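To start, the structure itself, in structure tokens.
Nothing in this text is a laboratory measurement; each read-out follows from the coordinates by a stated rule. Computed from a predicted model, the values in this text were never measured in an experiment. Here the Cβ is made from the backbone with ideal geometry for all residues, glycine too, and neighbour counts use every protein chain on show.
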Amino acid sequence: MTDAPNDQIATLLTHLARDVQRMGDAHARQSEAILGALDDLAASIMALKAIAAAQQAVTPADPARVRVWLENTLTEDPEAVERSWVLAKALLSPEV
């Protein structure tokens, strides 16, 4: 009896293992890219927070007007209003 079927199975398993490894490597690269983008986003938000806090010390914004602007601008998505309002309140606070 020949070992050809066993050799084919071994070859297929080797290819499968290689493909699974490649998928894992690709996932790791994508995860690193996403985490890098999140870090950049967090830095941008902190920069905006610093600028807003400095500006608030000079010319405070009216929180009620900010809320109305959000509601008028994001009319299609009430959840976006709430998420934006949370960030707006943080930006309106004098603390950096």
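The residues in the stretch 1-58 that are aliphatic (A, V, I, L, M), closer than 30 Å to Val86 by Cα and within 18 Å of the chain's Cα centre (by Cα) can be counted, and the count is 12. Across the stretch 60-92, what is the number of residues that are within 20 Å of Leu41 (Cα to Cα) and either surrounded by fewer than 11 Cβ atoms within 10 Å (Cβ to Cβ) or more than 23 Å from the chain's Cα centre (by Cα) (or both)? Matching residues across the stretch 60-92 total 1.
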